[in-house]
Amino acid sequence: MVLVSLPFEIPITATDRYTVLPSPVGDLLLLGNGSQLTGLHFGDNPHARIGCTEDAMAFVDVRQQLSEYFANDRTHFDLRLAPSGTAFQLTVWAALTEIEEGETSGYGDIAIKIGSPGAARAVGAANHVNPIAIIVPCHRVIGADGSLTGFGGGLDVKRQLLDHEIPGLF
């Protein structure tokens, strides 16, 4: 069994702050506790930010690194991430962070990488609920036949992100 090191932190406090960041792929909802990012979702989802206070200053580093990414000046993120999920989900999400920009992977490939070769569907389910889109690059996971597969931001956004990283792939 291959163990994937988890690049995530245990949340210091509950998610209590948010901001909405305009981007080339639409608005991005950033959620966190002021020092750790716990969520990055497509669109301004009022349900996801219930109980949170808007605070753009809490996400200066996230906004800066995402701006650099979209300007093609950054290929890796260096942020404090604290997603909430099961041990299996955290392992899958950690494996996603190892897919380099300019590369794609399949669900079965990730299942093998994490030591669960028969768990491609479970990997897909974990990928589907990834709480930190783009930075934990679930958009780099494609079907075994090389096709675009489901994506929380929609297939058009997935295509835009992949075209940003790998021009002409789709």
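If only residues of segment 113-130 that are in contact (Cβ under 8 Å) with a residue 40 or more places away in the chain and buried (at least 18 other Cβ atoms within 10 Å of the Cβ) are counted, the one that is farthest from Leu162 (Cα to Cα) is Ile114. Search segment 149-167 for residues being within 14 Å of Glu101 (Cα to Cα), open to solvent by less than 30 Å² (accessible area, probe 1.4 Å) and in contact (Cβ under 8 Å) with a residue 40 or more places away in the chain, and hand back the single one that is nearest to the chain's Cα centre (by Cα). Only one residue fits best here, namely Leu161.
Set side by side, the residues Gly146, Gly102 differ, and just one is over 16 Å from the mean Cα position of the chain (by Cα), small (Gly, Ala, Ser) and surrounded by fewer than 19 Cβ atoms within 10 Å (Cβ to Cβ), which is Gly146. Among the residues that make up segment 131-140, is at least one of them out of contact with any Asp or Glu (no Cβ under 6 Å at 6 or more places or on another chain), surrounded by fewer than 13 Cβ atoms within 10 Å (Cβ to Cβ) and over 21 Å from Ser35 (Cα atoms)? Within segment 131-140, not a single residue is out of contact with any Asp or Glu (no Cβ under 6 Å at 6 or more places or on another chain), surrounded by fewer than 13 Cβ atoms within 10 Å (Cβ to Cβ) and over 21 Å from Ser35 (Cα atoms). Within segment 17-35, being modelled with pLDDT of 90 or more, over 21 Å from Leu162 (Cα atoms) and out of contact with any Phe, Trp or Tyr (no Cβ under 6 Å at 6 or more places or on another chain) holds for Arg17, Tyr18, Val20, Gly32.
From Ser105, Ser67, Ser84, grab the single residue that is of a type in the set (Ser, Thr, Tyr), on the phi < 0 side of the Ramachandran plot and in contact (Cβ under 8 Å) with a residue 40 or more places away in the chain. Of the residues listed, the single one that is of a type in the set (Ser, Thr, Tyr), on the phi < 0 side of the Ramachandran plot and in contact (Cβ under 8 Å) with a residue 40 or more places away in the chain is Ser84.
Restricting attention to segment 9-34 and to residues that are closer than 19 Å to Gly153 by Cα, in contact (Cβ under 8 Å) with a residue 60 or more places away in the chain and in a loop (DSSP other than H, G, I, E, B), the residue that is most open to solvent (accessible area, probe 1.4 Å) turns out to be Pro24. Beta carbons closer than 7 Å, at least 6 apart along the sequence or on distinct chains, pair a first residue in segment 35-47 that is open to solvent by less than 30 Å² (accessible area, probe 1.4 Å) with a second that is at pLDDT below 90 and among the β-branched types (Val, Ile, Thr) for Gln36/Ile12; Thr38/Thr15; Gly39/Thr15. Taken residue by residue, segment 55-74 has at least one member that is out of contact with any helix residue (DSSP H, G or I) (no Cβ under 9 Å at 6 or more places or on another chain), more than 30 Å from Ala144 (Cβ to Cβ), open to solvent by 30 Å² or more (accessible area, probe 1.4 Å) and of a type in the set (Ser, Thr, Tyr). Tally the residues that are surrounded by fewer than 18 Cβ atoms within 10 Å (Cβ to Cβ) and under 17 Å from Asp16 (Cα atoms), restricting the search to segment 75-87. Counting residues in segment 75-87 that are surrounded by fewer than 18 Cβ atoms within 10 Å (Cβ to Cβ) and under 17 Å from Asp16 (Cα atoms) gives 2.
The values are calculated or read from the model by the stated rules, or taken from the named source; none is laboratory data. Fair warning: this is a prediction, and the values are worked out from it, not measured in the lab. Because the Cβ atoms are built from the backbone with ideal geometry, glycine has one as well, and the counts that use them run over all protein chains shown. Accessible surface areas use protein heavy atoms only, side chains included; no ligands, DNA or RNA. Shrake-Rupley method; radii C 1.70, N 1.55, O 1.52, S 1.80 Å.
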